[in-house]
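Here is the structure we will look at.
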Amino acid sequence: MAEGSGDVEVPVGCEHYIRGCELRAPCCGKFYSCRLCHDNKETHKMDRFKVTQVQCVKCKCIQKAQQSCEHCNNIFGDYYCGICHLYDKDKKQYHCDGCGICRIGPKEQFEHCAKCNLCLPLSFSGNHKCIENVSRQDCPICLEDIHTARISARVLPCGHLLHSTCYEDMLKQGYRCPLCMRSALDMSRYWNQLDEEVAQTPMPPEYQNMNVDILCNDCNARSTVLFHILGMKCDSCKSYNTAQEGKPLSQTQTNSPQ
């Protein structure tokens with residue numbers, strides 16, 4: 001709201017951010033509401049860190065990047081970062097020096113993991129599998145950047161990252177990490193249910209003595225088990241998240257002298 005007036009100024013912004021100014025792209029000199037709008041329109045990327053000027057959407061005054069208009073006092077954003085030149089409504093954002101960009105907080109609920117190179121909830125502190133610079137990889141579902149994405153990241157038990165929205169989409173199709181195939185959920189209840197189904201579904205006589213070599217995607221153990229069309233259970237961790245290695249072998253062949 002401009003000082004001295006009774007009008008409430010609602011920042012215009014775009015589909016990505018609510019803000020009362022447009023950024024002058026240092027690469028082409030054009031004004032855009034945000035870097036994402038610029039990148040969607042142009043054939044090159046905008047470096048938000050090099051932005052030095054903005055234009056007030058209310059009075060059209062072009063000025064240095066700052067939180068409010070020097071001409072009409074229009075507030076460009078409840079939140080403003082002078083490093084990222086991020087303007088938006090207040091979402092408890094904070095700038096993380098480790099990530100090098102702004103994150104949605106509150107800050108006190110997150111901690112930067114130097115190895116993963118990502119801010120993670122405090123509940124993950126010492127309780128997640130670190131993969132060096134994992135956030136610098138693209139999401140394996142949508143193939144878009146994870147580190148600078150506006151969408152939060154979901155850390156799987158294996159340590160790999162997905163966009164939280166992509167994680168939800170993944171669960172509609174299956175339960176395994178698309179990179180390493182390890183279970184992304186606690187599947188123990190389902191494995192117990194599968195035990196009962198296997199016990200109640202005998203194989204035809206010609207397959208009853210067939211053994212097969214399997215590799216477990218959850219614990220990486222190899223074992224030889226009875227072949228079953230519903231699934232083969234890992235001898236080590238009791239998971240059914242396994243892959244068959246080679247062709248089934250008859251029990252006689254498996255037990256024959258070498």
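We did not get these values from a lab; they are worked out from the coordinates using the rules stated. Just so you know, these numbers come straight off a predicted model, no measurement behind them. Neighbour counts run over all protein chains shown; Cβ positions are idealised from the backbone, glycine included.
Apply 1/(1 + (r/R0)^6) to the Cβ-Cβ distance of THR165 and LEU143, taking R0 = 22 Å, and write down the FRET efficiency to the nearest 0.05.
0.95
So which lysines pass the test for LYS89, namely a Cα distance under 28 Å, with those fewer than 8 places away in the same chain ruled out?
Partners found: LYS30, LYS41, LYS45, LYS50, LYS58, LYS60, LYS64, LYS107.
Expressed in nm to one decimal, what extension gain is obtained for the pair GLU206 and LYS45 from 0.36 nm per residue of sequence separation less their Cα-Cα distance?
51.7 nm
Which aspartates and glutamates does LYS115 reach when only Cα atoms under 15 Å apart count, and residues fewer than 8 places away in its own chain are ignored?
By straight Cα distance, LYS115 reaches ASP97, GLU132.
Using amide H atoms built in the peptide plane, which far-off residues or other-chain residues are under 5 Å from HIS112 H to H?
Here the answer is LEU120, since their amide H atoms fall under 5 Å of that of HIS112.
Beta carbons within 10 angstrom, averaged per residue: use that to sort the peptides 132-138, 169-175, highest first.
So the peptides 132-138, 169-175, ranked by packing, come out 132-138, 169-175.
Can you compute the modelled spin-label distance between ARG189 and ASP90, with each label point 7 Å from Cα toward Cβ, in nm?
Result for the modelled spin labels: 4.0 nm.
So which aspartates and glutamates pass the test for LYS91, namely a Cα distance under 18 Å, with those fewer than 8 places away in the same chain ruled out?
GLU15, ASP78, GLU108, GLU111
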